[in-house]
Structure formats: C-alpha cells, structure tokens
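The values are calculated or read from the model by the stated rules, or taken from the named source; none is laboratory data. Computed from a predicted model, the values in this text were never measured in an experiment. Note: ideal-geometry Cβ built from the backbone for every residue, glycine included; neighbour counts use all protein chains shown. Accessible surface areas use protein heavy atoms only, side chains included; no ligands, DNA or RNA. Shrake-Rupley method; radii C 1.70, N 1.55, O 1.52, S 1.80 Å.
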Amino acid sequence: ILYCNIGNPQSLGQQPITFFREVLALCDHPAILDKSETQGLFSADSIERAWQILDQIPGRATGAYSHSQGIKGLRDTIAAGIEARDGFPADPNDIFLTDGASPAVHMMMQLLIRSEKDGILCPIPQYPLYSASIALHGGTLVPYYLDEATGWGLEVSELKKQLETSRSKGITVRALVVINPGNPTGQVLAEENQKAIVEFCKQEGLVLLADEVYQENVYVPEKKFHSFKKVSRSMGYGEKDIAVVSFQSVSKGYYGECGKRGGYMEVTGFGADVREQIYKVASVNLCSNISGQILASLVMSPPKVGDESYESYSAERDGILSSLARRAKTLEDAFNKLEGVTCNKAEGAMYLFPRIDLPEKAIKAAEAAKKAPDAYYCQCLLAATGIVFVPGSGFRQVPGTWHFRCTILPQEEKIPAIVTRLTDFHKSFMDEFRG
C-alpha cells in the first residue's frame, strides 16, 4: 500500500531532524548529561540547549505536569521566535502550548460557539478538522468557496456574499478560518490578499483564525509566507483593533513530528475576561505533553549560524524542503497529463488537489455502488494499484465537481512508480467507462 492520503511524513520514511531528537533525548534522560561519553555522542549545542530547557522545567522533570499554558521558559523562546519571524513583538502570555494544533482549534470552537445560531466561515475545500469541530461544538459551518480557476484564490467578495446570506438566515457569524498555506489545496496567499482579509475581519468584527501550520512549506520562489498577525500589525492594527489567533504545529514543516503532538496557538486581541476563559479551558486538560512543548520551542528556535549543529541542521532541513518541492512538481505534471484531470500548481503545504471530470458511465457505476463518484474512483485506484488518495467529497467541494487529495510525501525514489501505476490505472479506468 502506498499511503498518499495523510500528512504523516515519518510514516513514509522521512527522518527526524537530528538536533531536535538529540535535545529531546537529553531532556528525557538528564542522567546522561554529566557522563563523559555524552560529549562524543551528542553535539555541544544540543547538550547546551538541553541544560537550558531543563533549567526552565520545575524539578527538571519532563514527566511532571507543567503550567496549563505550557512551560514559561519555552513560551519565552517561542515568543522570541515569532518576533524574529514577523518583526513585531510577541508576548509569551499570549501563547498556549497544545498537543498539536488540533486541540487548539477545538478550544477556540468551544469558546466561540454558543448554539447552532453561531456560524464560522470556513474555506471549501477545507481540512475536515474544521467541519468536525464546528459540528461537535454545535455550531454552523458557513462555507466560502475558494476559486479553483485562479489557483484556489480567496475572494473577499465571496466572503461578503456568504456572510450576508448567513446573516439573512439569522446566523451570527463569529469567526473566519483561513488555512495558509492551504490544505487540501496547497495555495499560498499573497500579502495584498491577506490585507484585504484582515480588513474584512476588522470591518465585520470577526475573529480571524489563522491555520499557519504549513508556514515552512512554500515551494515557489515568487511566494513568501506572511503570518496574519504580522500583516495586521503592518497595517497599524494592534491588540485593541482585531482578534487574531494563529495555530502552529510540529507535525508539518520540514520536521514532520506528528506523533509527538506538539503545537501552540498565539491568542491576540482578546480582553482579560476572555483570556481567563481560554486559560480555564486549557486547565481542564492540565497541560499538553512536555516532549511536544520542547519540540515547539525548538521549531521556533533552531540552531543558528555558528552553532555546532547549524551545518547539519541546515542540510537536513533544506534537503527535505527541496525534495518536497521536486515531488510536488513531478506529481503536478503527472496529474495534468491524465485525461480529464487538471491540477493547480502546488505552491505550499503537502498536498495536491486535482480535479477530475468523470465519464457519465463512471458516475452511474458509483451511484449503483452507493458511493460519491470521486470516492468510487479512489476505491478502484486502491484496489488496482495500492495507492491511497482521499476523495474530494471528504473535504467538501463546489457541487458537481470531483477531486481527490494526494500528499507529496512518499519517498522521492518511489514517486516515479506511483506515477506509472496511476497513469496505467487512469487510462484503463477511462477506457472502461467511456460513453
């Protein structure tokens, strides 16, 4: 089986970043820090970083609960990393460390949604965490459609239209979710577009929920990642003007540490009373896991020029990111060569979301099998080739269009075999169901 269905890099052979794992190992077993042979096994900067981190942990115990928001010293490190990235101040008290970005999203939905009369604007296609979380907390998903024709563009006119439609039905829209870089669509927003989105949220009084977990995954030289907080601050908006919550995770980027469940949200623009409620909700779970907290601090503060690990760390990071860029391009080109398939450029994240025009006969066969047409295609593909894609109907899509999501994560040397298998299958599928 070739798993192209989930953004889970290490399950497909991606190696963890050495420096990160060295620091984690030393923090978890500090007894070896004083042993002479440790100097030969670990880099000097990983030993030094482990000491720094252990000094920030009460009792130097990674097996103890921490402060509910996360270890204070680690939040200081993350805030400094955000400042270095954005050029605007970040406050460690705005940071809540969580077990990956998903619990942070749930936490915000729980706080925002009072009843089914509360709506959250979500991109379609969307990452199913959002539809599931909104449903779980009893709210209403207000869809806004990304424009496939403009490379999955986000039009503010579409946001306004959906907002007005919902309000006319008596729904109070409370927040806007933006996934940048996009999942499942892989687009990277331009800064001008982001400014228009910030302005829209400001005018309409919406909380901006910025899913920025793919911020390191940008594959085209003409695009750059800009955080929504940075964009709003650069427009002159401060704490009092707009509420922005940004999500980051150690599962994505070049680190791919999905199983470590590390992440955080930076919560800005809320009053002390709301902040208190967020803290209460965080306290229900006592704290997020400590390995994930340590990793989140490392991701936002990796080795710097002059550190012993810098050369090897840079080589590992650049190797992974440039390989992902090549894999994205190879798969994008392959999809665009298939009959009836069109695929937008993979600018970022870990996915491609090609559109497939299925023959009428295939749609009828899917109906007979009681399946969505794209799910039927994906099932036939799996049975014939062992390749796992996710049907677009799992992410929602413009009615009457069909897609599938494919990750770019299988090892580079396996990509040509995937392309060959897919191409042969697609040809026989189209031949079988042609008019």
Residues being assigned to a strand (DSSP E or B) and either crowded, with 17+ Cβ neighbours inside 10 Å or in the same structural domain as residue 352 (by the TED database) (or both): count how many of those fall in the stretch 144-163. 2
It is to be established whether one or more residues within the stretch 41-50 are open to solvent by 10 Å² or more (accessible area, probe 1.4 Å), free of Cβ contacts under 8 Å to residues at least 12 places away in the same chain, assigned to a helix (DSSP H, G or I) and farther than 23 Å from residue 227 by Cβ. yes
Counting just the residues of the stretch 296-311 that are more than 23 Å from the chain's Cα centre (by Cα) and among the hydroxyl-bearing types (Ser, Thr, Tyr), which one comes out least open to solvent (accessible area, probe 1.4 Å)? 309
With criteria (1) part of a helix (DSSP H, G or I); (2) at pLDDT 85 or above, residue 97 comes up short on (1)
The condition from (1) in contact with a Leu (Cβ under 9 Å, 6 or more places away or on another chain); (2) in the same structural domain as residue 238 (by the TED database); (3) not small (Gly, Ala, Ser) that residue 33 misses is numbered (2)
Just one of 71, 53, 78 is at pLDDT 95 or above and within 20 Å of residue 257 (Cα to Cα); which is it? 78
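What about residue 358, is it open to solvent by less than 30 Å² (accessible area, probe 1.4 Å), within 19 Å of residue 182 (Cα to Cα), in contact (Cβ under 8 Å) with a residue 40 or more places away in the chain and not in a strand (DSSP E or B)?
Here the answer is no, as residue 358 does not meet what is asked.
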Check the stretch 314-321 and report whether any residue there is more than 25 Å from the chain's Cα centre (by Cα) and surrounded by fewer than 18 Cβ atoms within 10 Å (Cβ to Cβ). no
Residue among 342, 407 that is under 19 Å from residue 326 (Cα atoms), outside the structural domain of residue 189 (by the TED database) and surrounded by fewer than 21 Cβ atoms within 10 Å (Cβ to Cβ): 342
Name the residue that is farthest from residue 7 (Cα to Cα), counting only residues in the stretch 361-384 that are of a type outside the set (Asp, Glu) and open to solvent by less than 20 Å² (accessible area, probe 1.4 Å). 362
Checklist (1) in contact with a helix residue (DSSP H, G or I) (Cβ under 9 Å, 6 or more places away or on another chain); (2) without any contact (Cβ under 8 Å) to a residue 40 or more places away in the chain; (3) not in a loop (DSSP other than H, G, I, E, B) applied to residue 203, failing item: (1)
Conditions first: (1) under 28 Å from residue 398 (Cα atoms); (2) surrounded by 24 or more Cβ atoms within 10 Å (Cβ to Cβ). Residue 70 passes all but one, so which condition is the exception? (1)
Answer yes if at least one residue in the stretch 384-406 is over 29 Å from residue 133 (Cβ atoms) and either charged (D, E, K, R) or part of a helix (DSSP H, G or I) (or both), and no otherwise. yes
Determine whether the stretch 261-284 contains at least one residue that is under 17 Å from the mean Cα position of the chain (by Cα), buried (at least 24 other Cβ atoms within 10 Å of the Cβ) and either among the charged types (D, E, K, R) or in a loop (DSSP other than H, G, I, E, B) (or both). yes
